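This report concerns only the one structure given below.
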Amino acid sequence: MDDCIFCRIVKGELPASKIHEDEHTLAFLNIVAAHPGHALVIVKEHVENLYGLSDAQSAAVFQATTRVARAVKAATGCDGVTLFQANEVAGGQTVFHFHIHVLPRFKEDNLLPFWKASAPGRAELDEMAARLREVL
Ligand code: AMP
Ligand code: ZN
């Protein structure tokens, strides 16, 4: 993917402030950060989103994210860490190469307002769970 920003970072064609690298993953700082230490963990191979990850990539990227989250917590002294991962335009994705945001959080930073939620009844929950099991 010649025009993919993250592929170009993996190839070394674009600069990145790198944090961690292994066989399947690369982690670096977001150039537009919610807080200092806002990191991105990507798979090295061009995979557009979550649906396309292999089991090996999936395992590796979460392992790397765990390490990066511990480092972000230790280095920034943040009060908490939120992971954010978007898929497709409707999911809020803007760079179409799989990545996980590691966001340092501070008490009352009001970064992520919670979504409006409803509490469906057990019957509705069970029906949805059955539909999901069917496609798994
Ligand atoms: P998303 O909206 O979840 O797809 O996140 C994409 C993120 O990539 C945004 O937060 C951007 O700030 C970040 N980003 C875009 N270009 C670069 C770059 N060259 N280096 C680091 N982060 C980038
Ligand atoms: Zn890419």
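The values are calculated or read from the model by the stated rules, or taken from the named source; none is laboratory data. Note that this is a predicted model, so its numbers are computed, not measured. Glycine gets a Cβ as well: all are built from the backbone with ideal geometry, and neighbour counts include every protein chain shown. Heads up: the accessible areas ignore ligands, DNA and RNA and are worked out on the full protein's heavy atoms, side chains in. Shrake-Rupley method; radii C 1.70, N 1.55, O 1.52, S 1.80 Å.
Would you please name the residue that is modelled with the lowest pLDDT, looking only at residues in the range 29-43 that are open to solvent by less than 50 Å² (accessible area, probe 1.4 Å) and in a loop (DSSP other than H, G, I, E, B)? Filtering first and then ranking leaves ALA34. Scanning the range 13-46 for residues that are within 11 Å of ligand 1 (Cβ to nearest atom) and farther than 21 Å from ASP2 by Cα yields LEU29, VAL32, ALA33, ALA34, HIS38, ALA39.
Can you confirm whether GLY12 is farther than 15 Å from HIS97 by Cβ, in a loop (DSSP other than H, G, I, E, B) and in contact (Cβ under 8 Å) with a residue 40 or more places away in the chain?
Values: farther than 15 Å from HIS97 by Cβ: yes; in a loop (DSSP other than H, G, I, E, B): yes; in contact (Cβ under 8 Å) with a residue 40 or more places away in the chain: no.
The answer is no for GLY12.
Applying the set (1) away from ligand 1 (no atom under 15 Å from the Cβ); (2) out of contact with any Phe, Trp or Tyr (no Cβ under 7 Å at 6 or more places or on another chain) to CYS78 leaves exactly one unmet item: (2).
Listed here are the residues, each with its yes/no results for (1) charged (D, E, K, R); (2) farther than 22 Å from VAL10 by Cα; (3) under 16 Å from the mean Cα position of the chain (by Cα); (4) at pLDDT below 95.
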{"position": "ALA74", "(1), (2), (3), (4)": "no, yes, no, no"}
{"position": "THR82", "(1), (2), (3), (4)": "no, yes, yes, no"}
{"position": "GLY91", "(1), (2), (3), (4)": "no, yes, yes, no"}
{"position": "PHE98", "(1), (2), (3), (4)": "no, no, yes, no"}
{"position": "HIS101", "(1), (2), (3), (4)": "no, no, yes, no"}
{"position": "PHE106", "(1), (2), (3), (4)": "no, yes, no, no"}
{"position": "LEU112", "(1), (2), (3), (4)": "no, yes, yes, yes"}
{"position": "TRP115", "(1), (2), (3), (4)": "no, yes, no, yes"}
{"position": "GLU127", "(1), (2), (3), (4)": "yes, yes, no, no"}
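Please verify whether ASN49 is in contact with a Phe, Trp or Tyr (Cβ under 8 Å, 6 or more places away or on another chain) and near ligand 1 (Cβ under 10 Å from one of its atoms), treating the condition exactly as stated. So ASN49 passes the test.
Just so you know, in the range 6-28 the residues that are away from ligand 2 (no atom under 13 Å from the Cβ) and surrounded by fewer than 16 Cβ atoms within 10 Å (Cβ to Cβ) include one that is farthest from VAL72 (Cα to Cα), and it is GLY12.
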